[in-house]
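Each remark here refers to the structure printed beneath this line.
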Amino acid sequence: MHSLKVLVRARRSLHKLGSFPHQRSFSAQPHYGSYDDIQDQVLVDGRANSRTAILNRPSALNSLTTSMVARLKRLYESWEENPNIGFVVMKGSDRAFCSGGDVVALYHLLTEGNIEECKTFFDTLYKFVYVQGTYLKPHLAILDGVTMACGAGISLPGMFRLATDKTVFSHPEVQIGFHPDAGATFHLSRLPGYLGEYLALTGDKLNGVEMVACRLATHYSLNARLALIEERLGKLTTDDPSVIETSLSQYGDLVYPDRSIIHKIDVIDKCFSHDTVEEIIHALEIEAADSYDGWCAMTLKKLREASPLSLKVTLRSIREGRFQTLDQCLTREYRISLRGISGEVSKDFCEGVRARLVDKDFAPKWDPPSLEEVTKEMVDFYVSPLISEPELELPTASREPYV
């Protein structure tokens, strides 16, 4: 623990010297609800040598708001500097870990013309993800239940990711005219073969066993054993990752995927390795004709239901993520998010949320309506540097990612 304390003190000294960009106190943040409400939405369980952050919006599947992410960031930073805390844990309440951002709330803000609060959400979220990706202390995410979109983003930077038989992991953003964000293009692009492209473009789900098989999760446990694991972790007095690893392995379960998308990796690589969305679809059509495989037909259906613009932007983003660091991926994702909510090229985000989550007619009118009408210039615009507003500022000089 001595070496860890030295690193924490070094960071604190850098902060005092001004190496960290100025950050406003919480009182200077926009008002999103009473302080009691914010505390209720992110609960804290304190143990002898650890702290657990509990996402607590069960009626909304623990979807994230700006105030929740801001509180998480403050908690994690304070825990990192506290020499009496050896490791941290994050989990969700009820039947979800986290279903992502509260996109319905963002939709209503945008329809009311309040784009600045939406920008604040993404700025706060991505900065928190960077804190997680550069965290000095061991941290564990317990992914019990729904783990979707940026809910996955706040779980994957953890040193340990515990999946269960209740875990449902997915990145369905293209189905609402958005893109996988919060570090998703860093993590998905590093999955075996072209599995990351497949998950990002189709929004297909993985269960806990599949997450372990493709290394998105580090450990697996039956939901029924979680209480035992948490009790064991709560008694630990350590900051040594190997001790935490031993506890998770001792009380976890060994599993092997049976009928799984993992067994489709050869055809996924064959089809999703192509350079364009059009070529991917064409390869799937040939595969479907040759094999009469229902999986191919279902995959084609998902692609054709998604926003054409989102598909092309997402493929570009994932491919760039293969060669970039976490901070570079977050910077690019921030650009795409701000371009997406601005509506300068397309209002697909609002239209997708409206069709799937607000009016629920499941008949979005995408703009452009076809892949052929999505130009290279449109995609270039989404990933290009911001012009009229600041880029995402991350403390890369003082916080270096371990991932």
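The values are calculated or read from the model by the stated rules, or taken from the named source; none is laboratory data. Here the structure is a predicted model, which is why all the values come from computation and not from measurement. All Cβ positions, even for glycine, are placed from backbone atoms using ideal geometry, and neighbour counts span all protein chains on display. Note: areas computed on protein heavy atoms with side chains; ligands, DNA, RNA excluded. Shrake-Rupley method; radii C 1.70, N 1.55, O 1.52, S 1.80 Å.
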Alpha-carbon gyration tensor eigenvalues x 5, square-rooted, for the range 154-204, Å: 18, 13, 12
Sum up the charges of everything whose Cβ sits under 10 Å from the Cβ of Ala217, counting Lys and Arg as +1 and Asp and Glu as -1, but leave Ala217 out. +1
Only Lys, Arg (+1) and Asp, Glu (-1) charged, at Cβ; the range 176-249 dipole about Cα centre in debye: 140 debye
Partners for Lys91 among lysines (Cα-Cα distance below 26 Å; same-chain residues under 8 apart left out): Lys5, Lys73, Lys119, Lys127, Lys137, Lys166, Lys205, Lys235
Under Stokes-Einstein, with the Kirkwood radius over Cα pairs standing in for Rh, what whole-number D in µm²/s applies to the range 237-339 at 37 °C and 0.692 mPa s? 191 µm²/s
Environment charge of Lys91, counting only residues whose C-beta is closer than 11 Å and scoring Lys/Arg +1, Asp/Glu -1: -4
Here the range 318-325 yields Karplus 3J(HN,Hα) values (6.51, -1.76, 1.60; θ = phi - 60°; whole Hz; Gly and Pro given as x) of 5, 5, 5, x, 4, 10, 10, 7
Please give the peptides 380-391, 46-57 ranked by average Cβ packing (other Cβ atoms within 10 Å per residue), highest first, as a rough proxy for protection. 46-57, 380-391
For the chain, with only Lys/Arg (+1) and Asp/Glu (-1) charged at the beta-carbon, what is the dipole magnitude about the Cα centre, in debye rounded to 20? 1380 debye
From the phi angles alone, apply the Karplus equation (6.51, -1.76, 1.60; θ = phi - 60°) to the range 368-381 and give each ³J(HN,Hα) in whole Hz, x where the residue is Gly or Pro. x, x, 9, 4, 5, 8, 8, 8, 4, 5, 4, 5, 4, 4
Summing +1 per Lys or Arg and -1 per Asp or Glu among the other residues with Cβ less than 15 Å from Leu75's Cβ gives +3
Mind checking the alpha-carbon convex hull of the range 337-403 and giving the volume per residue in Å³? 157 Å³
Distant alpha-carbon pairs in the range 265-312 (separation over 13 angstrom), percent: 54 percent
Have a look at the range 166-285 and give its Rg and Dmax from the Cα atoms, expressed in angstrom. 17.3, 56
How long are the semi-axes of the equivalent ellipsoid of the range 39-128, taking √(5λ) for every eigenvalue λ of the Cα gyration tensor, in whole Å from largest down? 27, 16, 8
Selected from Gly203, Thr246, Pro180, residue furthest toward positive end of dipole (the range 158-252; charges at beta carbon): Thr246
Could you look at the chain and say what percent of its accessible area is carbon and sulfur, using a 1.4 Å probe and all protein chains? 53 percent
Projected area of the range 296-348, taken from the Cα convex hull and averaged over every viewing direction, in nm²? 4.3 nm²
Of all alpha-carbon pairs in the range 288-403, indicate the percentage at a distance above 21 angstrom. 51 percent
Might you report the magnitude of the Cβ-based charge dipole of the range 112-251 about its Cα centre, with Lys and Arg at +1 and Asp and Glu at -1, to the nearest 20 debye? 400 debye
Per residue, what volume in Å³ does the Cα convex hull of the range 85-212 take up? 113 Å³
Residue farthest toward the positive end of the dipole of the range 334-403, with Cβ of Lys/Arg at +1 and Asp/Glu at -1: which of Gly343, Ser388, Thr375? Gly343
Test of understanding: what is the full-extension gain from Glu231 to Arg215, defined as 0.36 nm times their sequence separation minus their Cα-Cα distance? 3.2 nm
Quote to one decimal, in nm, the extra length available between Leu43 and Glu279 on full extension: 0.36 nm per residue of separation minus the C-alpha distance between them. 80.3 nm
How long are the three semi-axes of the equivalent ellipsoid for the range 193-260, computed from the Cα gyration tensor as the root of 5 times each eigenvalue, in whole Å, largest first? 28, 14, 10
Alpha carbon Rg of the chain, scaled by the compact-globule rule 2.2 N^0.38 Å: 0.97
